Amino acid sequence: MDRFVRALITWQAGGRPPPARTLPVAQLRERYAAQVAHVRGEAARDTEIGTEDRLIGSGDGEFGVRTYLPPTDRGRLVTYLHGGGWTVGDVDTHDPVCRRIASVLGAVVVSVDYRRAPEHPHPGPLRDGIAASEWADRAFPGRRHVIAGDSAGGALALGISMHHRDAGGVGFAAQLLVYPPADPYLRSESVREYGSGYLSEADDLRWYYDQYVPDPAHRADPAIDLLNADHRGLPPTVIGTAEFDPLHDEGVELAVRMADGGVAVHHVPAPGLVHGYLLMAGVVPAAAVATRNVLAAVEQTLAAAPMAR
């Protein structure tokens with residue numbers, strides 16, 4: 001394991017934090033924001049990237065989006081869904097991630113502040129993401145549009161992509177899914193091997209699913225059980241996984257099943273790292289390298305893929 005990551009694990013364990021599943025949601029969100037602030041460090045903000053916050057509608061209410069304008073515009077657009085178990089996290093916790101994407105890819109980035117569980121369970125966050133991707137496509141037309149997300153946001157990104165494929169909606173040039181949860185039943189070997197002591201706890205993952213999909217009967221929905229979804233006709237895909245992540249094996253299996261469905265897939269492993277490494281890129285050198293690797297894979301994918309329209 002990367003020594004900086006091991007130090008983060010030691011630091012967190014030393015504080016003896018109660019498990020996420022034992023906290024009131026409001027308190028958990030505050031703790032998550034504080035932990036993210038710690039692991040991302042005090043990296044200087046790129047002042048050349050302009051931002052704008054606004055509210056948009058989703059049919060049953062409003063939610064926020066934050067738009068990032070890159071200093072060098074290469075005619076690209078990324079709709080980004082943040083991680084956090086569909087329950088925590090927001091555009092502020094993932095602000096450095098979106099700034100890095102905007103800068104490296106030369107893309108306008110639309111970060112989605114989707115309404116979260118348990119107040120808004122499935123399909124609420126998914127519907128917000130669909131509406132945000134449609135708004136972004138209208139607001140910034142003619143660009144190569146990438147749908148992207150990390151963790152729960154990666155699962156939402158894939159669900160959004162499947163929706164537009166089936167509805168004849170937004171045509172994505174590529175999708176980026178970083179350590180996405182793909183099996184709501186958490187049956188993989190990596191869940192058993194890395195489900196405790198590696199920053200992301202398996203019992204907390206089960207609790208997050210309970211918040212997002214409280215009725216177990218609904219977990220067979222293809223937007224939730226991503227391993228068993230129909231992957232045919234989806235855009236070229238980059239999947240990032242982390243070695244010491246309970247969700248590692250799900251990501252690997254998702255890459256295999258998507259490739260079997262005819263999707264061009266680029267799997268980017270992150271040796272020595274844990275779930276959430278995108279948020280650590282400012283303080284963990286190996287996380288910075290892994291982040292560069294997944295974005296380089298997106299660059300390669302866009303170079304190889306035809307315009308999706």
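By count of other Cβ within 10 Å, fewest leading, how are Ile56, Ile101 ordered?
On the way: Ile56 18, Ile101 27.
Fewest-to-most Cβ neighbours within 10 Å comes out as Ile56, Ile101.
Binning all Cα-Cα separations of the stretch 73-166 at 10 Å, short to long from zero, yields these whole-percent fractions: 18, 52, 27, 3. Each of Met1, Met162, Met280 was scored by other Cβ atoms within 10 Å of its Cβ. Listed from fewest to most, they are Met1, Met162, Met280.
Between the listed residues Phe140, Val256, His82, the Cα displaced farthest toward the positive end of the dipole of the chain, a dipole computed from Cβ unit charges relative to the Cα centre, is found at Phe140.
Between Ala167 and Ala26, the simple spin-label model (points 7 angstrom out along Cα→Cβ) gives 3.3 nm. Among residues other than Val146 with Cβ under 13 Å from its Cβ, the summed charge is +2 (Lys and Arg +1, Asp and Glu -1).
With K and R counted +1 and D and E -1, the other residues having a Cβ less than 12 Å from that of Arg127 yield a net charge of -2.
Taking the charge dipole of the stretch 3-304 about its Cα centre, with +1 at Lys and Arg Cβ atoms and -1 at Asp and Glu Cβ atoms, the residue from Leu278, His120, Leu247 reaching farthest to the positive side is Leu278. Entry note, the chain: the mean residue ellipticity at 222 nm calculated from DSSP H runs of n ≥ 4, each adding -39500 (n - 2.57), is -12500 deg cm²/dmol after division by the residues and rounding to the nearest 500.
What the Cβ-Cβ distance of Asp230 and Glu62 gives, at R0 = 30 Å and to the nearest 0.05, is a FRET efficiency of 0.40. Stretching Arg16 away from Asp221 to a fully extended chain increases their span by 70.2 nm, per 0.36 nm per residue minus the current alpha-carbon distance.
What number does the stretch 25-135 give for Rg over Rh if you use C-alpha atoms and the Kirkwood radius? Show your work: numbers first, answer last.
Numbers: Rg = 14.2 Å, Rh = 14.5 Å.
Using Cα coordinates only, the ratio equals 0.98.
Give me His122, His145 ranked fewest to most by other Cβ atoms within 10 Å of their Cβ, as a rough exposure proxy. Don't skip to the end; give the middle numbers.
Numbers: His122 22, His145 28.
The most exposed by this proxy come first: His122, His145.
Of (i) 32, 23, 19; (ii) 67, 17, 16; (iii) 26, 22, 20, which one was derived for semi-axes √(5λ) of the Cα gyration tensor in Å from the structure shown? So the structure-derived entry is (iii).
Over the chain, what relative contact order in percent results from Cα pairs under 8 Å that are six or more residues apart? All intermediate terms of the calculation are to be shown ahead of the outcome.
On the way: 622 pairs, mean separation 56.2, N = 309.
Result for the chain is 18 percent.
Rule-based calculations on the coordinates, nothing more; no lab input. Just so we're clear, the structure is a prediction, and the values are computed from it rather than from any experiment. Note that we place each Cβ from the backbone using ideal geometry, even for glycine, and neighbour counts take in every protein chain shown.
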